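One structure is given below, encoded as structure tokens.
A short reminder: the numbers here are calculations on the coordinates, not readings from a lab. Note that the structure is a prediction, hence the values are computed from the model and not measured. All Cβ positions, even for glycine, are placed from backbone atoms using ideal geometry, and neighbour counts span all protein chains on display.
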Amino acid sequence: QSITTDMGTLTKEIDKYARNKKIEIEALQVREEYRKEFLGNVSHELKTPLFTVQGYILTLLDGAMNDPKIRKQYLSRAGKGVERLIYIVKDLDMITKLEVGDLRLNFEVFDIIELTQNVYDLFEMRANKKNITLTFDLDYNEPIMVKADRERIQQVLTNLIVNSIKYGREKGTTEVSIENLIKNKVIVRVTDNGEGIDSEHVPRLFERFYRVDKSGSRKEGGSGLGLSIVKHIIEAHGEKIYVESELNVGSEFSFTLEKAE
Ligand code: ADP
């Protein structure tokens with residue numbers, strides 16, 4: 001009797017061990033897939049601007065260099081390609097740090113209204129180029145002090161405002177608003193009436209490299225990393241990020257912050 005029981009226990013133990021091993025192996029396989037996909041995406045994103053730069057350099061060497069007007073134009077386009085590469089590499093650097101948990105947040109107390117105003121001022125001209133009216137809507141006219149990493153929150157605001165201009169329509173609007181929430185939170189909203197996002201894409205927006213328009217011909221440059229950086233930063237603060245969007249109507253991205261005592 002006792003031998004049978006022992007055998008039963010042993011079989012169960014073996015089964016359990018095998019099950020755990022299987023889960024472990026599956027997790028490794030998922031990670032490996034993830035890694036391959038990441039590398040694939042990185043090389044894909046780098047390839048386009050690299051080939052562009054190479055194209056201009058080769059054409060210049062091929063004789064286009066002799067025409068001063070074309071020379072200047074091609075050099076400036078090659079320069080834009082290099083600039084794009086730099087942005088992508090910076091974003092990659094940031095996302096890697098965020099994903100390995102290497103990015104330490106530097107909490108300080110600052111006025112979120114002032115910071116938003118600074119970012120807003122930086123992009124007003126860019127919005128004007130597309131005839132987009134940028135407005136800044138406030139609940140009160142006094143400072144709202146929050147406790148967060150100022151530099152990172154500046155990046156979050158930058159990414160959201162730049163997106164609302166990039167994906168906004170000509171003569172459209174982008175509205176930034178800050179509102180007190182219940183308890184000790186504020187909510188910052190960036191709203192546009194631009195191209196909007198189809199609901200099937202919304203759940204995947206914050207994935208790295210995810211872009212709704214995958215065609216190489218898309219007119220707006222970017223790495224597809226902006227929103228995943230935004231999400232990482234907000235979540236590292238223990239806060240929440242929300243998105244509401246409707247195709248051809250517009251989008252609203254919002255995030256919460258903790259008020260300083
Ligand atoms: P990128 O702008 O570099 O492509 P992001 O991670 O910032 O990458 O955004 C991912 C995708 O989400 C964009 O490619 C775009 O399709 C969509 N998106 C982001 N913000 C908006 C917005 N305000 N309106 C419409 N689509 C947006």
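In order along segment 255-261, the phi-based Karplus estimate (6.51 cos²θ - 1.76 cosθ + 1.60, θ = phi - 60°) of 3J(HN,Hα) comes to 8, 9, 9, 8, 6, 6, 4 Hz; Gly and Pro are listed as x.
Calculated FRET efficiency, Tyr242 and Gln54, Cβ-Cβ r, R0 30 Å, to nearest 0.05? Computed FRET efficiency for Tyr242 and Gln54: 0.10. Computed from backbone phi, the HN-Hα couplings of segment 141-150 come to 9, 10, x, 10, 7, 10, 10, 6, 7, 4 Hz, rounded to whole numbers (Karplus: 6.51 cos²θ - 1.76 cosθ + 1.60, θ = phi - 60°; Gly and Pro given as x). Using a simple spin-label model with pseudo-atoms 7 Å out from Cα toward Cβ, Gln154 and Lys21 lie 5.4 nm apart. Residues whose amide H falls under 5 Å from that of Thr174, counting only those 5 or more places apart or on a different chain, are Thr133, Leu134, Thr135, with hydrogens built in the peptide plane.
Ordering 147-156, 62-71, 224-233 by mean Cβ neighbour count within 10 Å, with the highest value first, yields 224-233, 147-156, 62-71. 3J(HN,Hα) along segment 184-191: 9, 10, 10, 10, 10, 10, 10, 10 Hz, from the Karplus curve 6.51 cos²θ - 1.76 cosθ + 1.60 with θ = phi - 60°, whole Hz, x for Gly and Pro. Only helical runs count toward this figure. For the chain, summing -39,500 (n - 2.57) over DSSP H runs of n ≥ 4 and dividing by all residues gives -19000 deg cm²/dmol at 222 nm.
A Förster distance of 45 Å, applied to the separation of the beta-carbon atoms of Lys36 and Met145, puts the FRET efficiency at 0.50. For Asn180 and Asn128, the difference between the fully extended length at 0.36 nm per residue and the C-alpha to C-alpha distance is 15.8 nm. Can you tell me the 0 to 90 degree angle between the C-alpha axis of helix 68-99 and the longest principal axis of the chain, rounded to 10? For 68-99 against the chain, the angle is about 30 degrees. Of all lysines in the structure, those lying under 19 Å Cα to Cα from Lys171, and not within fewer than 8 positions of it along the same chain, are Lys129, Lys130, Lys219. Computed from Cα atoms, the angle from the helix 112-129 axis to the main principal axis of the chain rounds to 50 degrees.
The Stokes-Einstein estimate for the chain, based on a Kirkwood radius over Cα pairs and taken at 4 °C with 1.567 mPa s viscosity, is a diffusion coefficient of 60 µm²/s. Applying 1/(1 + (r/R0)^6) with R0 = 25 Å to the Cβ-Cβ distance of Leu28 and Val202 gives a FRET efficiency near 0.25. Decide, for segment 1-150, between rounded, prolate and oblate: order the square roots of the alpha carbon gyration tensor eigenvalues as a ≥ b ≥ c, take rounded if a/c falls under 1.5, and otherwise choose prolate if a/b is larger than b/c, else oblate. Judged from the Cα gyration tensor, segment 1-150 comes out oblate (a/c at least 1.5, b/c at or above a/b).
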